[in-house]
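Structure, as structure tokens:
The values are calculated or read from the model by the stated rules, or taken from the named source; none is laboratory data. Quick caveat: nothing in here was measured; it's all calculated off a predicted structure. Positions of Cβ are backbone-derived with ideal geometry, glycine not excepted, and every protein chain shown enters the neighbour counts.
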Amino acid sequence: MIRSIPSRPCSTCSGPAATLSPWTASSGPPPTVRAFQQQKGLAVDGIVGPVTWPALIITVRQGSQGDAVRGVQEEFQFRNLSGDPGKGLQVDGIFGPETDAAVRGFQQALHQDIASVTVDGIVGPVTWQALVSGMLSF
């Protein structure tokens, strides 16, 4: 169970978007887990578990745009071990063909260990959790 939402600084964002979690900065500052659960009518326990996590994330796919896409791209840039941000996935908030290819590659690698992972290019609850938890850091 997760008691807090992992986040990393967003190098291309400012203001409230400077630290992204799987919700958009346009919805205001990140709420506490308990406040979020209360707002969504969930059991209030302060834990991001199997009921809270799906309600928390924003599903993105090819054609999506915005802070949630930037969050996905930042996760891939975080895994860019070349040290050169120009060689990693461009962080532009647009879920285009390159982001789709990165997501599908990540999902394919996950699928090798977790057969139930679907390789579909959609960043939903399972892919978000794997991204923000640091699974398959390359």
Exercise. If only one of Arg70, Arg34 is in a helix (DSSP H, G or I), surrounded by fewer than 16 Cβ atoms within 10 Å (Cβ to Cβ), among the basic types (Lys, Arg) and modelled with pLDDT of 85 or more, which one is it?
Worked result: Arg34
For this session: Would you check which residues across the range 73-103 are of a type outside the set (Gly, Ala, Ser) and crowded, with 18+ Cβ neighbours inside 10 Å and list them?
Result: Gln73, Glu74, Glu75, Phe76, Gln77, Leu89, Val91, Phe95, Thr99, Val103
Exercise. Of the conditions (1) under 30 Å from Phe36 (Cβ atoms); (2) over 12 Å from the mean Cα position of the chain (by Cα), Lys87 fails just one. Which one is it?
Worked result: (1)
For this session: For residues that are modelled with pLDDT of 90 or more and assigned to a helix (DSSP H, G or I), tally how many sit in the range 49-67.
Result: 1
For this session: Starting from the range 121-138, keep only residues that are under 17 Å from Ala68 (Cβ atoms) and crowded, with 21+ Cβ neighbours inside 10 Å, then list their pairs with residues that are at pLDDT 90 or above and among the hydroxyl-bearing types (Ser, Thr, Tyr) whose Cβ atoms are within a distance under 7 Å, requiring at least 6 positions of separation or different chains.
Result: Val123/Thr59
Exercise. Do we have any residue at all in the range 96-119 that's touching a residue at least 40 places away in the same chain (Cβ under 8 Å), in a loop (DSSP other than H, G, I, E, B) and more than 12 Å from the chain's Cα centre (by Cα)?
Worked result: no
For this session: Consider only pairs whose beta carbons are under 9 Å apart and that are at least six residues apart or on different chains; among these, list those whose first residue lies in the range 39-55 and is closer than 19 Å to Val132 by Cβ and of a type in the set (Val, Ile, Thr) and whose second residue is loosely packed, with under 14 Cβ neighbours inside 10 Å and modelled with pLDDT under 90.
Result: Ile47/Met1; Ile47/Arg3; Val48/Met1; Val48/Arg3; Val48/Ser4
Exercise. For the range 98-110, how many residues are farther than 11 Å from Leu136 by Cβ and not β-branched (Val, Ile, Thr)?
Worked result: 5
For this session: Can you run down the residue pairs with Cβ atoms below 7 Å, 6 or more apart or on separate chains, where the first is in the range 65-84 and touching a residue at least 40 places away in the same chain (Cβ under 8 Å) and the partner is surrounded by fewer than 16 Cβ atoms within 10 Å (Cβ to Cβ) and small (Gly, Ala, Ser)?
Result: Asp67/Ser26; Arg79/Ser137
